[in-house]
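Everything on this sheet refers to the single structure shown next.
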Amino acid sequence: MKEILLLSLISLGWIFNYSHRMAIPALAPLIREDLGIGNAEIGLLMTSLLLPYALIQVPAGYLGDRFGRKKMVVLSIIGYSLSSALIFIARDYWELVGIRALYGFFAGLYYAPATALISEVFKNRKGSALGIFMIGPPIGSGIAPLIVVPIALTFNWRTSFLVLSFISAIVGVLLFLAIREDWKSEGRVNFSIPKGVMLLSLANFLGMSAFFAVLTFLVSFLVDRGMSVEKAGLAFSLLSTFGILGSILGGFIYDRIGKRSVLLAYLLNSLFTLLILADQNTIILVLLGLTIYSVGGIVTAYTAEKARKDNLGVVMGFVNMMGFFGATVGPYAVGVMIDSLGYSKALLFVPISYLLAAILIFLDEKLH
């Protein structure tokens with residue numbers, strides 16, 4: 001029972017970790033109009049949080065291994081909630097950039113300790129448990145427009161972040177009060193990174209750059225194709241809703257076929273992101289939702305297999321750090337390309353990146 005409660009609360013914290021970061025894409029048309037900025041600046045708002053997020057990954061894993069993973073997770077939730085609430089008082093674009101960077105620092109303390117904790121507690125069922133944990137991105141991304149867009153249209157877009165922060169802070173308090181036990185590495189913590197994770201890390205770099213480019217610009221792409229902001233937001237939520245099932249299935253599939261599921265997921269993402277550029281069909285959105293969110297649990301479980309007990313958090317943090325370096329580059333680079341080339345040509349970056357990631361995983365399987 002304690003394990004279920006722990007997984008539930010940590011998964012909730014991960015859901016709101018994503019809701020805060022994905023509130024910007026959902027509100028992008030309103031923010032652009034209010035601040036008088038372009039797509040490149042919207043991309044920079046994602047980059048500004050993702051760069052500190054990436055840089056803190058390995059230290060977060062190490063600190064969680066050494067001092068306690070639950071402590072780090074609680075600190076992350078409270079920190080990212082309070083920092084995101086500061087958007088309410090942001091006066092201009094560059095203040096918003098700075099606040100998003102602060103949010104990225106605290107949000108970045110979450111993933112490595114949380115996934116290391118789940119891998120340790122659930123052991124042989126870690127693929128399934130991590131698949132459940134990784135419903136955070138699709139649910140968080142899916143509920144973000146449903147929460148922030150109505151509030152933004154009723155009041156203003158800054159108020160949306162204040163409400164979101166209040167809700168997420170409650171999760172951190174519940175986790176602190178409900179789970180007294182903590183988990184950390186026994187004995188000396190090893191800061192080493194095994195060579196066997198390098199190709200996986202590069203694939204994660206490409207995959208995450210593509211993933212966040214999709215999440216950052218899908219709503220704007222659909223609006224450019226003639227949809228209203230409200231309908232585009234609902235389409236984004238549809239993608240994320242089916243992503244919940246995809247995330248859970250991805251974890252179960254990994255427990256059954258292992259690392260082959262990583263290659264399969266990247267190949268399917270390449271195919272479906274290419275198709276969505278040609279036809280914004282609901283069926284394609286559903287299929288993309290199933291595959292694009294399956295990668296998280298699959299890659300996380302595969303990463304855990306490559307680590308030892310004494311460096312589990314560090315390795316989790318390193319692979320995720322490389323992924324978020326890609327996530328830092330992707331949205332800004334695609335935003336610049338959109339402004340010069342248009343959506344259709346610029347977003348070809350996404351299926352190409354997924355295909356290259358699949359090739360790296362294929363090489364990883366051959367070498368290891």
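The values are calculated or read from the model by the stated rules, or taken from the named source; none is laboratory data. These numbers come from a predicted model, not from an experiment. Backbone-built Cβ (ideal geometry, glycine too); neighbour counts: all protein chains shown. Please note that ligands, DNA and RNA were not included when accessible areas were found on the heavy atoms of the full protein model with its side chains. Shrake-Rupley method; radii C 1.70, N 1.55, O 1.52, S 1.80 Å.
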Worksheet, complete the sentence: Exactly one of 288, 238 is assigned to a helix (DSSP H, G or I) and surrounded by fewer than 18 Cβ atoms within 10 Å (Cβ to Cβ), and that one is 238
Worksheet item: Given the structure, is residue 148 open to solvent by 10 Å² or more (accessible area, probe 1.4 Å) and either out of contact with any strand residue (DSSP E or B) (no Cβ under 6 Å at 6 or more places or on another chain) or free of Cβ contacts under 8 Å to residues at least 40 places away in the same chain (or both)?
Response: no
Fill in: Test: residue 354 is open to solvent by 10 Å² or more (accessible area, probe 1.4 Å) and under 18 Å from the mean Cα position of the chain (by Cα)
no
Practice prompt. Please verify whether region 155-162 includes one or more residues that are β-branched (Val, Ile, Thr), part of a helix (DSSP H, G or I), touching a residue at least 24 places away in the same chain (Cβ under 8 Å) and open to solvent by less than 10 Å² (accessible area, probe 1.4 Å).
Written response: no
Discussion item. Return the residues of region 120-138 that are farther than 15 Å from residue 258 by Cα, in a helix (DSSP H, G or I) and open to solvent by 10 Å² or more (accessible area, probe 1.4 Å); say none if nothing qualifies.
Written reply: 120, 121, 122, 132
Practice prompt. Report yes if residue 348 is open to solvent by 30 Å² or more (accessible area, probe 1.4 Å) and either in contact with a helix residue (DSSP H, G or I) (Cβ under 8 Å, 6 or more places away or on another chain) or in contact (Cβ under 8 Å) with a residue 24 or more places away in the chain (or both), otherwise no.
Written response: yes
Item to complete: With respect to residue 319, determine if the residue is of a type in the set (Val, Ile, Thr) and within 27 Å of residue 121 (Cα to Cα).
Response: yes
Worksheet entry | Scope region 47-71; condition crowded, with 24+ Cβ neighbours inside 10 Å and more than 18 Å from the chain's Cα centre (by Cα); matching residues | 64, 65, 69
